[in-house]
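The values are calculated or read from the model by the stated rules, or taken from the named source; none is laboratory data. Values in this document were obtained by computation on a predicted structure and should not be read as measured data. Cβ placement follows ideal geometry from the backbone for every residue including glycine, while neighbour counts extend to all protein chains displayed. In case anyone asks, the SASA skips ligands and DNA or RNA and just uses the protein heavy atoms, side chains included. Shrake-Rupley method; radii C 1.70, N 1.55, O 1.52, S 1.80 Å.
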Amino acid sequence: MATTKVEPKIAVAPSEKEKYEGLTPAHLIEIYRLMYQSRKIDDREIMLKRQQKIFFQISGAGHEALLVAAGVLLRPGYDWFYPYYRDRGLCLALGNTPYEMLLQAVGAADDPASGGRQMPSHWSNPKLNIVTGSSPTGTQFLQAVGCAEAGCYFQKHPGAAAKVAGDYREFKDVVFHGDEVVYVSSGDGTTSQGEFWESLSTASNLKLPVLFVIEDNEYAISVPVEVNTPGGNISRLVSGFPNFHFAEVDGTDVLASYAALKTAIDYIRAGNGPAFVHGHVIRPYSHSLSDDEKLYRPESERKLEAERDPITRFRAFLGHEGILDEAALHEMELDLTEQVQEAADKAVAAAFPKPGTYMQYLYSPNLDPTSHAFETEPIRPPLPAKPSGGEKTMADLINACLKDEMKRDPRIVIFGEDVADCSREEYLRDKQVKGKGGVFKLTSGLQAAFGSDRVFNSPLAEANIVGRATGMATRGMKPVVEIQFFDYIWPAMHQLRNELPTIRWRSNNGFSCPTVIRVAIGGYLTGGAIYHSQCGESIFTHTPGMRVVFPSNALDANGLLRTAIRCDDPVMFLEHKRLYRETFGRAPYPGPDYMVPFGKAKTVRLGHDLTVITYGALVPRALQAAQRMEREHNISVELIDLRTLNPYDWEAIANSVCKTHRVIVAHEDTLSWGYGAEIAARIADELFDDLDAPVKRVAAKDTFVAYQPQVEDEILPQANDVFKAIVELAGY
Ligand SMILES: Cc1ncc(C[n+]2csc(CCOP(=O)(O)OP(=O)(O)O)c2C)c(N)n1
Ligand SMILES: [Mg+2]
C-alpha cells in the first residue's frame, strides 16, 4: 500500500475559525457536492433496479450529512474503515467514484469492491483502506477493534512489518502510522447485537483508536428504535464505558456533525482512546427497494422526517448564507446528475465476470499449503538411552511448534480464554506464581517467553476472539487463537461462517485474513458429558474458504500446525483432547522447520483386503481393530489417516479403494450428515466399479455424549465397533 503522506482534505483557515466550524465556503460547496452526488447515485440505482438492470438497491439517503463530514475529516489510505451499507457519502468523500459504485450494482467483473460477488453498497477498496464489508449486521465491530489493535502492535513492534520470503508475510504489505483512526459504523438496530457490546468492551479496555459512528434513523427495517434500544437512546446506554469520548449530534446537520466528529477524531489521534458519535439521521427511502415503509410508518411521521432532509436543509443553508445562489446550485446539480448518468450508462455496458471464475480466491492464489514447499523431514535428535525417553506428547509438540514459530515470526500473537500464563504479570515477574498457560496447558510458558503483548487472555467471549483475530490478520498479523472447547465455539459462529472464510472471496482477493483457530475437540474423556465432548468438524468442512485440520498424533500435530501458521489461509486446527497426552503417537521433537502439507493422508498401516479411512481419535481405535483382525481372521486392513479434512487426500482414498475394493469410513462425530457421508458418497459415485461391497460407515450415535462413562462408551464409536464393521464387510 502507498505510504504517501495524506493531508487532511480540509485545512482550516485561522481567520474563519469561528464561522462554519472552520470550514471555508469552498469546503462547504465540496461537502454539498458529495452529498448531492451520493443522493443522485441512489436515485439512479433505484431507476436501474426498476429497469431490472441491477438486482438490489439500498440507499444512503438521509445519512449524507454525517457521512460526508466523517469522510472529509478522515484520511483515506491512512486511517482504516469498516463502514456499513448506508455509508455511500463516506466512501465518495474518501475517493470511491460513482462509476466504481455502479459497477458493483450491475455485478460487473471490474467492480473493484468484489468483482460482481457482493450486493451494491458493500464497500471495499484496498487502496483507500476501506475493508470489505458483509451483509450481516454488526460483524464489522470486532474486526475494526482487531484492526486497531494491529496498528498499535506494529507501532510497538516495527520490525514485525518487514516482508519475509517463504511464508504468508511475503504477500502482505504492512503500513502503520502513529495516530491512525479505525472508523466503524452501523445503524441503531445493529447496536442490539452482542458483538457491538463486545467491541465497546475491548476498545474501552485497551484504549484503542476506534471511532464508532452510530447512524440512528430510528428504524431497523420496520422495527422502531425503542424496541431495540431500552429507553430509545443508545448514547445513554453506552455512557458508562471508561476511556471513551462521547458525542450525540443531529446527523442531518452538516456543521454540527462536522464539529462533533472533529472533536472525536482529535481525541482519538491524540492517543486518548476510542470515541463514540451517535448521529440522529433520517431514512426517507424505506429500508431498501424490497421494503415499503408505508406498511408500518404513517404519513404524518414520514412528513415530519422529510422536513429534516439533510440535502434540502444544507442547500437552503448555502443559499441563505450567500455561498451559492439558486442558479449556481442548479447548474452544479445538473452537472452532477449528468455525471452520474454517464457513469451508470458505462457501468451497464460493463462485462460480467467470466464463466468458471467463481472458485477463484477462496484460498490464497500465492501460497499453496498442499505443495512441496510445505513438506519437510523431521530432524531426529540422537536416540535417547531409554527408548521412550525422547518421546513427546501431542501437547508437548504443539507447544513446541508455537514457541518455535513465535520466535521466527514477530507477527504472531496468541490469545484466547486462559491462554496467558498470568494476566497480572507482576505475579509472574516476582515469581509468586508459576502461570497457567491454557486449561490444557498448551500455551504454557509462552507469555513468560514472549511478553504480554504477544500472548494474552481475551474476555470470555468467543466472537471477540475470532472477530478481533480476523481484523488483525486483515492488517497483516498472524493471530493464532484458541477456542477452549469446541463445545463453546458457537458464539463465534457468525465470524467463523460469514466473515473469516469469506473475506478473500467476497473482496475478489482485495483482502485476506490468514488466521489459525486452535480448538480443543472431542470426547472419550470419561465424564466429559454433552458440553465437553462435542465433535462437529463437518460444519466447518462445509464452509468454503476454511482449511480444516485434525491430527491424530504428536508429530503430525507439530508439522500441520506449522503449515497452518505459515500458510496464507484461515485454518481451523482441531486438537483432540484425549490425544493431547496419550501414549499413542508420541514422537521426538522434529525440529523448528518440520512441516506436513495439507491434503496428504498418511497410510498408518498397509493392507490388501479392506480399507479403513479415518482421522483424529478413531485412528488408534481403528488401528487396534485392524491388528486384531489380522490376528484373529488373517484379514489385512489398510488404514488411512486423512490428517486434513479440507482439503482431503482423494488420491490416497481412491488408490486404496481400488486396491482393496472394500471400504469403511470411521469417525467420532455423529453418523448422519457427517464427514463420512461425503466421503462415502464420492466413493460410491466415482469408484462404483471398483467396489465389491457397499461403503460402510462407523460413527457416534445420532445423539449427544452422556456423562456416565458406560453410556458415553455406548454412544461413541469404540475399537470393537470398528472391528465388528470390518468383520461384517470382509464377509460381504
Ligand atoms: C445478523 C443479521 N440479521 C438480520 C439481517 C437483516 N437486516 C438487514 S439490515 C437490517 C436492519 C438494520 O437496521 P439498523 O441497524 O438500524 O440499520 P439501518 O438499515 O436502519 O441503517 C436487518 C434486520 C442482517 N443483515 N444481519
Ligand atoms: Mg436504523
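Go through T470, T393 for me and flag whichever is at pLDDT 95 or above and within 22 Å of C535 (Cβ to Cβ).
T393 is the lone residue from the list that is at pLDDT 95 or above and within 22 Å of C535 (Cβ to Cβ).
Any chance you could count how many residues in region 85-124 are touching a strand residue (DSSP E or B) at 6+ places or on another chain (Cβ under 8 Å), surrounded by fewer than 24 Cβ atoms within 10 Å (Cβ to Cβ) and in contact (Cβ under 8 Å) with a residue 60 or more places away in the chain?
1
H320 - would you say it is out of contact with any strand residue (DSSP E or B) (no Cβ under 7 Å at 6 or more places or on another chain), without any contact (Cβ under 8 Å) to a residue 12 or more places away in the chain and closer than 18 Å to D43 by Cβ? Quick ask: steps written out before the conclusion?
Working: out of contact with any strand residue (DSSP E or B) (no Cβ under 7 Å at 6 or more places or on another chain): yes; without any contact (Cβ under 8 Å) to a residue 12 or more places away in the chain: yes; closer than 18 Å to D43 by Cβ: no.
It is false that H320 is out of contact with any strand residue (DSSP E or B) (no Cβ under 7 Å at 6 or more places or on another chain), without any contact (Cβ under 8 Å) to a residue 12 or more places away in the chain and closer than 18 Å to D43 by Cβ.
Can you tell me which of (1) more than 16 Å from ligand 2 (Cβ to nearest atom); (2) under 29 Å from the mean Cα position of the chain (by Cα) is the one R236 doesn't meet?
(2)
Would you check which residues across region 577-599 are free of Cβ contacts under 8 Å to residues at least 60 places away in the same chain and either over 21 Å from R380 (Cα atoms) or in contact with a Gly (Cβ under 9 Å, 6 or more places away or on another chain) (or both) and list them?
Step one: filter region 577-599 for residues free of Cβ contacts under 8 Å to residues at least 60 places away in the same chain, giving 578, 583-584.
Answer for region 577-599, where residues must be free of Cβ contacts under 8 Å to residues at least 60 places away in the same chain and either over 21 Å from R380 (Cα atoms) or in contact with a Gly (Cβ under 9 Å, 6 or more places away or on another chain) (or both): just R578.
Go through region 388-429 and count every residue that is open to solvent by less than 70 Å² (accessible area, probe 1.4 Å), under 20 Å from A165 (Cα atoms) and either in contact with a Pro (Cβ under 8 Å, 6 or more places away or on another chain) or outside any loop (DSSP other than H, G, I, E, B) (or both).
Looking only at that region, the number is 7.
For region 677-697, what are the residues that are under 16 Å from E728 (Cβ atoms) and either hydroxyl-bearing (S, T, Y) or touching a strand residue (DSSP E or B) at 6+ places or on another chain (Cβ under 7 Å) (or both)?
Selection gives A680, V695, K696, R697.
Provide a single number: the residues in region 168-210 that are away from ligand 1 (no atom under 11 Å from the Cβ), of a type outside the set (A, V, I, L, M) and either in a loop (DSSP other than H, G, I, E, B) or open to solvent by less than 20 Å² (accessible area, probe 1.4 Å) (or both). Even if it seems obvious, please write down each step before you answer.
Of all residues in region 168-210, those away from ligand 1 (no atom under 11 Å from the Cβ) come to 168-184, 197-210.
The next check asks that each one be of a type outside the set (A, V, I, L, M); those that pass are 168-173, 176-180, 183, 197-199, 201-202, 204-205, 207, 209.
Checking which are either in a loop (DSSP other than H, G, I, E, B) or open to solvent by less than 20 Å² (accessible area, probe 1.4 Å) (or both) leaves us with 168-169, 172-173, 176-180, 183, 199, 202, 204, 207, 209.
So the answer is 15.
Residues that are farther than 30 Å from F171 by Cα, at least 3 per element: which strands (runs of 3 or more DSSP E) completely within region 509-613 meet that?
Fully inside region 509-613 and qualifying: 602-605.
Looking for something open to solvent by less than 10 Å² (accessible area, probe 1.4 Å), among the β-branched types (V, I, T) and assigned to a strand (DSSP E or B) - is there at least one such residue anywhere in region 650-664?
Yes, region 650-664 contains a residue that is open to solvent by less than 10 Å² (accessible area, probe 1.4 Å), among the β-branched types (V, I, T) and assigned to a strand (DSSP E or B).
Return the residues of region 137-162 that are open to solvent by 30 Å² or more (accessible area, probe 1.4 Å) and in contact (Cβ under 8 Å) with a residue 24 or more places away in the chain; say none if nothing qualifies.
T137, C152, K156, H157, G159
May I ask you to list the residues in region 681-704 that are free of Cβ contacts under 8 Å to residues at least 24 places away in the same chain and either more than 31 Å from the chain's Cα centre (by Cα) or on the phi > 0 side of the Ramachandran plot (or both)?
A684, D685, F688, D689, listed by residue number.
What's the total number of residues in region 251-282 that are open to solvent by 40 Å² or more (accessible area, probe 1.4 Å), within 21 Å of K19 (Cα to Cα) and in contact (Cβ under 8 Å) with a residue 40 or more places away in the chain?
Of the residues in that region, 2 qualify.
Please tell me if S533 is over 30 Å from S114 (Cα atoms) and surrounded by 22 or more Cβ atoms within 10 Å (Cβ to Cβ).
Spelling it out, S533 is indeed over 30 Å from S114 (Cα atoms) and surrounded by 22 or more Cβ atoms within 10 Å (Cβ to Cβ).
Determine whether region 476-499 contains at least one residue that is open to solvent by less than 10 Å² (accessible area, probe 1.4 Å), among the hydroxyl-bearing types (S, T, Y), farther than 16 Å from V145 by Cα and modelled with pLDDT of 95 or more.
no
Residues V227, V213: which one is within 16 Å of ligand 2 (Cβ to nearest atom) and in a strand (DSSP E or B)?
Of V227, V213, the one residue that is within 16 Å of ligand 2 (Cβ to nearest atom) and in a strand (DSSP E or B) is V213.
Can you confirm whether D609 is surrounded by 19 or more Cβ atoms within 10 Å (Cβ to Cβ) and within 29 Å of T563 (Cα to Cα)?
no
Would you pick out the residues in region 22-66 that are among the charged types (D, E, K, R) and either open to solvent by 10 Å² or more (accessible area, probe 1.4 Å) or outside any helix (DSSP H, G or I) (or both)?
Within region 22-66, E30, R33, R39, K40, D43, R44, K49, R50, K53 meet the criteria.
Within region 430-450, track down each residue that is in a loop (DSSP other than H, G, I, E, B) and either surrounded by 14 or more Cβ atoms within 10 Å (Cβ to Cβ) or among the acidic types (D, E) (or both). Full working, then the answer.
In the first step, residues of region 430-450 are kept if they are in a loop (DSSP other than H, G, I, E, B); the result is 430-445.
Within region 430-450, D430, G435, K436, G437, G438, V439, F440, K441, L442, T443, S444, G445 meet the criteria.
Any residue at all in region 213-228 that's in contact (Cβ under 8 Å) with a residue 12 or more places away in the chain, of a type in the set (A, V, I, L, M, F, W, C) and more than 10 Å from ligand 1 (Cβ to nearest atom)?
yes
Just give me the residues in region 236-250 being open to solvent by 20 Å² or more (accessible area, probe 1.4 Å) and either in a helix (DSSP H, G or I) or within 15 Å of ligand 1 (Cβ to nearest atom) (or both), in sequence order.
Within region 236-250, R236, L237 meet the criteria.
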